[in-house]
Amino acid sequence: MNLTATLIFALIFVSVTVLGFFAARWRAGDLTQLHEWGLGGRRFGTFVTWFLLGGDLYTAYTFIAVPALIYGGGAIGFFAVPYTILVYPILYLVFPRLWTEARRSGHVTAADFVAARFANRWLGLAVSLTGLLATMPYIALQLVGMAVVIGALGFQATGLAGDIPLIIAFIILAAFTYTSGLRAPAMIAVVKDVLIYITVFAAIIAVPAALGGMSHVFSAVPAAKLLLPVPPAASLGSYSAYATLALGSAIALFLYPHSVTAILSSSSAAVIRRNAAILPAYSFVLGLLALLGFMAVAMGLGTRPEFAAGFARFGTNYAVPALFLAVFPSWFVGIAFAAIAIGALVPAAIMSIAAANIFTRNIWRAFLHPACTDAEEAGIAKLVSLAVKIGALFFIIFLPQQYAIQLQLLGGVWIIQTAPAVMLGLFCRWLNGWALLIGWAVGIGWGTAMAASLAFKAAVYPLTLFGTVVPGYAAFYALVLNLVVSAALSLLFALSGRRATALTGEG
Amino acid sequence: MKAPEDTPSGGRTRLRWLLLAPFAAMLDVGSYNRIEPALAGIPFFYWYQLLWILVAAAIIFLVYHREREGHRESDGGGP
């Protein structure tokens, strides 16, 4: 075990825990109200929202998985960069409006808005269930990120004993989320982001220096991995795959419950617009991080005997931890690994709060106990946030990691199907709630079928259009069908409704 | 009570169309899938996309700056 690194890691982790509990007193509010516990009282200004959204969207798993994808697959993994570029014009144009609607009507979730706008609680339920299903595996993935760094610290025990550090970390997470609500991840996000920035800039300076410059990094990478393969005849090949992966992921990102929660917790629509301009700072860090994947290739980490066990256990996800172990002194490894582990705590906390908000507001209160008081509502939400995290923990400990990754892939296919109701719903009043519900079902059905045909292993489906193969992100294709169905049925319902009122003479 | 977005022109500018530029640039993958010209040893494919992070952020900042006046009154409290 790496003692210095483990000590520094533990020290930072403990300090952050204290901070999490202390957060309950920060800008204190009545934590028995759902919007106080679950949205931090809608009081976060530009900078807190920047840290919160940054900590929320650029998760530990992102920091492990994006470089891992580059390390294993080369250029295609870089789609994370155009993805995070396209996300912000969408944020700027669409989501300040969601904030305004939510503030005006006291909405806490996207499903609240959808159910109210279309006066259709079943559509609200569909959006709620999609959000819950998409969030659960995402929380489990954060544990994967944390498990990788804990493993890299040198905890070699197998079986349940090997999971003890992970279990401790999650008990801590559950406790401070329960007491402090969204204030805890907001405060911790500041620490996490500072640590991540320090780590990434240190790596991006130290590694090329050790290798003799960036040109040595790229010249060590096999030519086939350096660029996307040029599409063969009668196919758009990797180009359409890369473009639709970026666009589809960008559309999906702010539909995730944890994104909506962070957006609605800001103090004004202007805070969201301002953040659309300053959040790309994180994208830049992510872009640099992605290049660490190539640096791991250039250093030949995969063939070094000291990392063989790690790569065997965690696959390409071990690339970044191995790189840090190879270039940093142990005390800095402790800081870097702590940054990644805390980077898992922040989104996991926000995700569990978002899931709790949805369950309580849109399922418990809307369908099961309409008479419950506001204090009961907040109490249920706290309990649900615990249940969600315990579920994620069991998932990771008792099921193969691959399940979480495959379910998260499906989660992307599903969550994007709420785009017509949530995003277009903000602008188009002519859409019909039932039409959107049918479109949603069709999109979920076809998207899942495409994923199943790929054995849930890949997201890129080879669609054939007029004799040309157009490989593309299954979620994106399913969304297009969903949009066509939603719009066509809305028009049809409007026309038949007009005819019906004309016939009965009520119009 | 009306949000700024509910009025046809309030806060919006024609500069908004610039927000489409990142989509046009990034979705035309064939236009940047090449090595040369490399910059400080980094192939074009990589530095070009990294550069677009900054360009897109600058565009959003510009649009935000222009539209700020129109939004200021009705956005409600907060800094």
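Residues of the range A:293-336 that are buried (at least 24 other Cβ atoms within 10 Å of the Cβ) and within 14 Å of chain B (Cβ to nearest Cβ): A:G293, A:F294, A:M295.
Listed here are the helices (runs of 4 or more DSSP H) enclosed by the range A:58-151 that have at least 2 residues being without any contact (Cβ under 8 Å) to a residue 60 or more places away in the chain: A:80-105.
When you look at A:Y239, is it free of Cβ contacts under 8 Å to residues at least 40 places away in the same chain and not hydrophobic (A, V, I, L, M, F, W, C), yes or no? Yes.
Within the range A:11-39, the set of residues being among the small types (G, A, S) and more than 26 Å from the chain's Cα centre (by Cα) comprises A:A28, A:G29. For A:V94, the criteria (1) surrounded by 22 or more Cβ atoms within 10 Å (Cβ to Cβ); (2) within 14 Å of chain B (Cβ to nearest Cβ) hold in every case but one, which is (1). If I go through the range A:217-240 residue by residue, how many of them are crowded, with 19+ Cβ neighbours inside 10 Å, facing chain B (nearest Cβ under 9 Å) and outside any loop (DSSP other than H, G, I, E, B)? Residues in the range A:217-240 being crowded, with 19+ Cβ neighbours inside 10 Å, facing chain B (nearest Cβ under 9 Å) and outside any loop (DSSP other than H, G, I, E, B): 5 in total. Is it fair to say A:Y88 is under 30 Å from A:A169 (Cα atoms) and surrounded by 24 or more Cβ atoms within 10 Å (Cβ to Cβ)? Answer is no for this residue. Restricting A:F332, A:F311 to residues that are of a type in the set (F, W, Y) and without any contact (Cβ under 8 Å) to a residue 40 or more places away in the chain narrows the list to A:F311. Taken as a whole, the condition of being in a helix (DSSP H, G or I), touching a strand residue (DSSP E or B) at 6+ places or on another chain (Cβ under 7 Å) and not small (G, A, S) does not apply to A:W37.
Quick grid of which residues meet (1) at the interface with chain A (Cβ under 7 Å from one of its Cβ atoms); (2) surrounded by 14 or more Cβ atoms within 10 Å (Cβ to Cβ); (3) part of a helix (DSSP H, G or I); (4) at pLDDT 90 or above:
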| position | (1), (2), (3), (4) |
| --- | --- |
| B:S9 | no, no, no, no |
| B:R12 | no, yes, no, no |
| B:W17 | no, no, yes, yes |
| B:L20 | no, no, yes, yes |
| B:A24 | no, no, yes, yes |
| B:N33 | yes, yes, no, yes |
| B:P37 | no, no, no, yes |
| B:W47 | no, yes, yes, yes |
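When A:E101 is tested against (1) within 11 Å of chain B (Cβ to nearest Cβ); (2) acidic (D, E); (3) surrounded by 23 or more Cβ atoms within 10 Å (Cβ to Cβ), exactly one condition is not met: (3).
The values are calculated or read from the model by the stated rules, or taken from the named source; none is laboratory data. None of these values were measured; they are calculated from a predicted model. So basically every Cβ, Gly included, is an ideal-geometry build from the backbone, and we count neighbours across all protein chains shown.
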